[in-house]
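First up is the structure itself, then whatever we jot down about it.
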Amino acid sequence: MSLLLDVQDLTVRFALPRAGLFAPRHYLEAVRQVSFQLEAGKALGIVGESGSGKTTTAMAAIRLTESSSGKVLFEGQDLLTLTDEQMRQRRRDVQLIFQDPYSSLNPRARVADIVREPMDLMDIGTMAERQARVVELFKLVGLRPDQLNLFPHQFSGGQRQRISIARALTTNPRLLVCDEPVSALDVAIQAQILNLLARLKSELGLSYLFISHDLGVVRHVCDDVAVMYLGKIVEKAPKKALFDAPQHPYTQALLSAAPSLARRKSRGYVRPLKISGDPPSPINPPKGCAFADRCPKAQEVCRLTQPALQAVGDTDVACHFPG
Ligand SMILES: Nc1ncnc2c1ncn2[C@@H]1O[C@H](COP(=O)(O)OP(=O)(O)OP(=O)(O)O)[C@@H](O)[C@H]1O
């Protein structure tokens, strides 16, 4: 397996508007020293509560959000040091699928033009080649070529997400960033789109950075999972290790909030933890573990010292008392 993406110590700080002309400038740390690796042909799920920094991490990793520090090696080349022109060349290797297929497609354009647009913008192939590719991709994602002259509103939500996927594939990307790609869809349709993404991954050798707040969805598509809390990865593991033996109390709480039937029946099943309260503010993150105030295991050391990621079997976990 070859390494596609190697993100090292990525940090994103947003400058907040000043309260007054002479007021001090405050920063919000949306992503704090995040590191992860993604192998070619694999899918990494990024999960966590709203505001934990999932989207900002993925956007910074493909340089659509400016990062404050860190490295993003894409096939060994640091994206953060590329010139705009070099980055433009790289753009075709990375595409995005968004949550809402209703608003991400231009309502006034025919879907053939919508799907073809990335090739037009990047000047890929002749017009005849682009049109042939659109037909090919339309079939690949399970749509009929006779629908190509319709407008987005003439399709269902699931079909619109198929159109977004076809559009994303036009440039032959190696990495797809999927930001909550099925959250806006009915459950039955969600399964169809997840199956399509899983099939495309194996047929085309695609890699996914897959953002979701829904562990069930991540379980369906991903090989590895990173759990984020207040801008940091608190646990990172192969899917099986994460679901079978979560090490961080936050991951345990997330999983117990939505246990599968098999997990309920398993011998090691413990009563669901309830996560009370809210995460701390990302404007002044706490000195120690950000989860300490909500953690049933927290002790003094947790409030004083930030736990570093440490290996427990196949899992990396940032907790003073893992397991
Ligand atoms: N442009 C911005 N300026 C200031 N703060 C921002 C900006 N974008 C995001 N944030 C803040 O950064 C933090 C992380 O946001 P982000 O959208 O990455 O989280 P998320 O886990 O993807 O959440 P959600 O699931 O709600 O999309 C949040 O506190 C958010 O308010």
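The values are calculated or read from the model by the stated rules, or taken from the named source; none is laboratory data. Please read all numbers here as calculations on a predicted model, not as lab measurements. All Cβ positions, even for glycine, are placed from backbone atoms using ideal geometry, and neighbour counts span all protein chains on display.
One table, with the values for the structure above:
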read-out	value
Meets criteria (within 22 Å of Pro280 (Cα to Cα), loosely packed, with under 14 Cβ neighbours inside 10 Å, within 16 Å of the ligand (Cβ to nearest atom) and in contact (Cβ under 8 Å) with a residue 60 or more places away in the chain) for Leu16	yes
Single unsatisfied condition, Val94 versus (1) closer than 24 Å to Val218 by Cα; (2) within 16 Å of the ligand (Cβ to nearest atom)	(2)
Qualifying residues in the stretch 2-35 (those that are polar (S, T, N, Q) and more than 11 Å from Ser67 (Cα to Cα)) - the one farthest from the chain's Cα centre (by Cα)	Ser2
Any pair with Cβ under 9 angstrom, 6 or more apart, that starts in the stretch 120-131 at a residue that is modelled with pLDDT under 95 and surrounded by 10 or more Cβ atoms within 10 Å (Cβ to Cβ) and ends at one that is outside any helix (DSSP H, G or I) and polar (S, T, N, Q)	Met122/Thr170; Met122/Thr171; Ile124/Thr170; Ile124/Thr171; Ile124/Asn172
Search result, residues across the stretch 175-200 that are of a type outside the set (A, V, I, L, M) and surrounded by 19 or more Cβ atoms within 10 Å (Cβ to Cβ)	Cys178, Asp179, Pro181, Gln190
Options Ala168, Ala198; residue that is touching a strand residue (DSSP E or B) at 6+ places or on another chain (Cβ under 6 Å), away from the ligand (no atom under 16 Å from the Cβ) and not in a loop (DSSP other than H, G, I, E, B)	Ala168
Any hit, the stretch 145-158, residues being in contact (Cβ under 8 Å) with a residue 24 or more places away in the chain, in contact with a Leu (Cβ under 6 Å, 6 or more places away or on another chain) and aliphatic (A, V, I, L, M)	no
All positions within the stretch 45-74 that are outside any loop (DSSP other than H, G, I, E, B) and either at pLDDT below 95 or within 12 Å of the ligand (Cβ to nearest atom) (or both)	Ile46, Val47, Lys54, Thr55, Thr56, Thr57, Ala58, Met59, Ala60, Ala61
Top-ranked residue in the stretch 88-104 [being at pLDDT below 90 and of a type outside the set (Lys, Arg); ranked as farthest from the chain's Cα centre (by Cα)]	Gln89
Positions within the stretch 174-190 being in contact (Cβ under 8 Å) with a residue 12 or more places away in the chain and more than 16 Å from the chain's Cα centre (by Cα), in sequence order	Leu185, Asp186, Ile189, Gln190
